[in-house]
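Reading through the C-alpha cells given below for one structure.
Since every read-out is calculated from the coordinates, none of them should be taken as a lab result. Because the structure is a prediction, the values reported are computed rather than measured. Positions of Cβ are generated from backbone atoms using ideal geometry, with glycine treated the same way; all protein chains shown enter the neighbour counts.
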Amino acid sequence: MAKNREKDDADRGFNSSVMTGVDSSISLLKLISTLIVFVVGVVIGLVSSSHINRYLTFQDDRFTFTHSYIDSLQFSVETPQLEAQCGREDCLSIESFISPRNLNHGMTDGELFWRASMVPQKEEFPFKKVPRVAFMFLTRGPMPMLPLWERFFKGQDLEKYSIYLHTHPRFDLNVTKDSVFNNRQIPSQGVEWGSVSLVDAEKRLLANALLDFSNERFVLLSESCIPVYNFPVIYSYLIESTHSFVDSYDDPSRYGRGRYSRSMRPDINLADWRKGSQWFELHRTLAIKIISDTKYYRIFKKYCRPSCYPDEHYIPTYLHMFHGSLNANRTITYVDWSQIAPHPASFSAVNITESLIQSIRNNGTFCSYNSEKTQICYLFARKFDASALEPLLNLTSKIMGF
C-alpha cells in the first residue's frame, strides 16, 4: 500500500509539473501573439497615418493653389498696373482695332501687309464712320513745305484726314507737340532711287494707312509737293470720286516699252506694259489689292531693274491688267516735264507767281471726273524747293483759299 501511495504521489508530482510546463508554454504563446498583434497594429497605424497626412497635405495644396489663383486673377483684373499698361499699348478694344493711335509697331513688311489686307465682311460699322483722306508723305528727310501744309490743315475736321510720314529710318521730324505732323512717322526702311525699294516704301505707307478703317482715299506726296486748292475742295473731290487717279499709259518709246523684259512672260506681256507717274491717289479697294499682291510684285522685283524703274511701271501695269475700270488713268499731281531731263523742273522763289499757281489750277485743258468733263484736273503740284516757301505763304490766302 505504501508503495502504491508513493507511486501515486510521484505520478501527481509529475502530472503537476507537466501541467505547469504546459501553462507556461500557453502563456508565452499568448504573450508572443499579443506582441505580434501590437507590432502589426503599430505598423498599420503608421502607414495609415502617412497616407492620411499626404492626402491632407495634397488637399491643402490644392486649396491653397485654387485660392491663390482666384486671388491672383481678381487682383490682375483690378490692378491699376494693367490699366496703365493698356494706356500705353493697344489693348483688345474696338477703338484700337479700327483706328490705332500709335503708329509704332514691330511688324515686318510681310506681317504688316497681311494685317492690312483684312477686309470686314459685315457691311454695318459698329462706330460712326467719317471717310478720311490719308495724306502719305514719302520723304528723304526734312520737309521744307511743312509750314504750308500746317496752314492747309489748320482748323479742319480731324475726323476727315490722317497723315503718314515715311522718312529715312534715322531721321526724326522735329515738330511741336501741337503739330498735326507730330508722331506721324511710320516704321520706315532705307529707300534707293530707281530700285524696288521705292515700291516697298509706297506699299508700307499704304499698309500703315489701311490699318485705320476710316481711311477711304490714299494720296502719295513728297516733301516738295504743295496743295493748289484748300482742304474742303480737295476732300470733296477725292471722297466723291468714283475712280482712283493713277497715271497709266502705253509709251512706245524706249522709256516705256523699251524697259519691258521678255522674262516677264507669260504673266506680263508687252501689251500689258504701262508707264505712269509715281505720285498716285487710290481708293481703299485698290489700295488693298496692291498691298495684297505678291506674284506680280516679285516679277517686277526680279526683272525690272535699271534702266527699268519699278515705281513708274508696277502699279500702272498691275491696275491696267486687273482693275482698269476703277482707274481714271491720270494723275492729280502736276509736274513740269517741259525740259528734256531725267527729272522734272523745280520751282524756286523766282518762279512763284500768282499766274503760275493759276496755270496749274486751270491750264486750259479738260479732264474726266466721274464720267464728266472738268477743268479741275490737278489738286497738288511738285517740285518746289525750300526757297519757294515764303512766296507761297504769301499767296495761299489769295489764290489757294487757306
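Figures for the structure shown
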item: Distance in nm between pseudo-label sites at residue 140 and residue 230 (7 Å out along the Cβ direction from Cα); result: 3.5 nm
item: Highest average packing first - 308-316, 213-221, Cβ atoms within 10 Å; result: 308-316, 213-221
item: Using a Förster distance of 60 Å, the FRET efficiency for residue 338-residue 94 (Cβ separation, nearest 0.05); result: 0.70
item: For q = 0.14 Å⁻¹, Debye-computed log10 I/I(0) when each Cα of region 214-373 counts as one equal scatterer; result: -0.81
item: Point-to-point label distance, residue 390-residue 368, nm (Cα→Cβ direction, 7 Å offset); result: 4.6 nm
item: Shape parameters for region 127-400, alpha-carbon atoms, Rg then Dmax in Å; result: 18.3, 54
item: Net length gained if the chain between residue 307 and residue 351 were fully extended (0.36 nm per residue, minus Cα distance); result: 12.7 nm
item: Label-point separation, residue 321 to residue 257 (7 Å along Cα→Cβ), nm; result: 1.9 nm
item: Region 127-400, relative contact order [Cα under 8 Å, separation at least 6], %; result: 21 percent
